[in-house]
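Here the structure comes first, spelled out in C-alpha cells, and everything after it is commentary.
The values are calculated or read from the model by the stated rules, or taken from the named source; none is laboratory data. Worth saying up front: this structure is predicted, and the values here are computed from it rather than measured. Positions of Cβ are backbone-derived with ideal geometry, glycine not excepted, and every protein chain shown enters the neighbour counts. To get the accessible areas, we keep the full protein, side chains included, count just its heavy atoms, and leave off ligands, DNA and RNA. Shrake-Rupley method; radii C 1.70, N 1.55, O 1.52, S 1.80 Å.
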Amino acid sequence: MYITPDQDQKIRCTLRECGAQAQKLAAEPFEVCEKGPNDYVTSIDRFLDQQLSTAFSALFPEDGIITEENAASRAAYLGNYKSLWCIDPLDGTEEFIQGKLHYALMVGLLQEGEPVAGWIYAPAFEQMYFGGKGWGLFQTLGESKPSAIALHKPPAPTADSCKIVLGDKDQKNYGMAIAQIIPGVEFYSLGSFGLKVLEVISGRAGLYLYFNGRVKVWDTAGPLALAKAAGLVCCDLEGKPLRWTPDALDPSSLAHSQAIAIGQPEYIESLLPKVRIAVGGRSTS
C-alpha cells in the first residue's frame, strides 16, 4: 500500500475538520472573487487551501503537494516526486456560493502519472468516499466506521432510458446535439466534479461527460482514482486513456487537454461513438 491505515485515518479526520470549518464560515459573510471568466474563488477556499496544505506537508514531508489556490505549488508537478498529492479545498465553489449542498473537499494521490487513491468529502451530507487501486472503495457517514461501497450497474442504455451526467455549461453547448443522436437521453448535473463521478460509481448514471476544458489535476486525481477502482472506463472521446502526463496538461494551469468520459463499459462502448459525432469539432487529444 502507498499509505498506512493511520495516514488514511488522519486524512479523513483532516477533511472532516476542514469540512466543518467550511460550513461554519459559510454562515458568516465571506469574500467572493472572480479568478477568470465564470471561475470563482472565496476567502473560504483560500483558508481551507492553507489548512490542507499545512496538514499534508506535515503528514507527507517527502512528497509533492499541489493545491488549487496556491499557484506556486504547481511547480511540484515537474518536481520528480514519486508521490504527488493533488488537493481541491472546495470543489463546486459556485454551488457553495449559492448556498447549495453539492460541494466537496477532495484529495487525490498521483504516482508515476496515475491516480492511485482518492478521498472525497461532502460536508453538507457528512459523507466521505475514499479508496483506490488495490485497496477497494469505502464510505463513512460522520465518524462511523468505514463500510465498503456497494457497486450497482445502471440498466443498459435504451431508446427510452439513458442517464448521463453532463454539466450545465456542457448541456448548453452540446446537450441538444447529443440528444438528437441518442434517443431517450436524460441529462442531469451536480455542483462538484467529484460528486458527479460518484453518480456513475453508484450506478445512478451510466456515463459522465466533460468537455468544458477547465478541469485540473486537483479536480480529477481523487475522483478518477475511485472510478478506476470501481472498474469504470476513464477515457477521452477517442477511447484513449486519460493521462496526467505533461503532454496531456496545460503547463501553467495543469488543466487537462483531453475531453473526459467516465462510464460503465457498456455505456462507453455503445454511446461514445455517437457522442463523438455529436460534439463534432470539440478537441479530444
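Some points to look at:
- Selection count where residues are at positive phi and in contact with a Cys (Cβ under 6 Å, 6 or more places away or on another chain), scope region 64-108: 0
- All positions within region 38-58 that are over 15 Å from Leu105 (Cβ atoms) and of a type in the set (A, V, I, L, M, F, W, C): Ala58
- Odd one out for Pro246 among (1) without any contact (Cβ under 8 Å) to a residue 60 or more places away in the chain; (2) over 12 Å from the mean Cα position of the chain (by Cα): (1)
- Top-ranked residue of region 161-191 - restricted to ones that are in a helix (DSSP H, G or I) and closer than 23 Å to Asp39 by Cβ, ranked as most open to solvent (accessible area, probe 1.4 Å): Lys172
- If only residues of region 121-134 that are modelled with pLDDT of 95 or more, of a type outside the set (D, E, K, R) and more than 16 Å from the chain's Cα centre (by Cα) are counted, the one that is nearest to Gly19 (Cα to Cα) is Ala124.
- Hits in region 231-252 (condition: assigned to a loop (DSSP other than H, G, I, E, B) and open to solvent by less than 70 Å² (accessible area, probe 1.4 Å)): Gly231, Leu232, Asp236, Leu237, Gly239, Leu242, Trp244, Thr245, Asp250
- Residues in region 131-160 that are open to solvent by less than 60 Å² (accessible area, probe 1.4 Å), of a type in the set (Ser, Thr, Tyr) and out of contact with any Pro (no Cβ under 6 Å at 6 or more places or on another chain): Ser144, Ser147.
- Screening Met106 on (1) surrounded by fewer than 18 Cβ atoms within 10 Å (Cβ to Cβ); (2) at pLDDT 95 or above shows it passes everything except condition (1).
- When Val275 is tested against (1) over 18 Å from the mean Cα position of the chain (by Cα); (2) open to solvent by less than 10 Å² (accessible area, probe 1.4 Å); (3) modelled with pLDDT under 95, only condition (3) is not met.
- Residues being touching a Leu at 6+ places or on another chain (Cβ under 8 Å), farther than 20 Å from Gln139 by Cα and surrounded by fewer than 23 Cβ atoms within 10 Å (Cβ to Cβ) - total across region 192-216: 1
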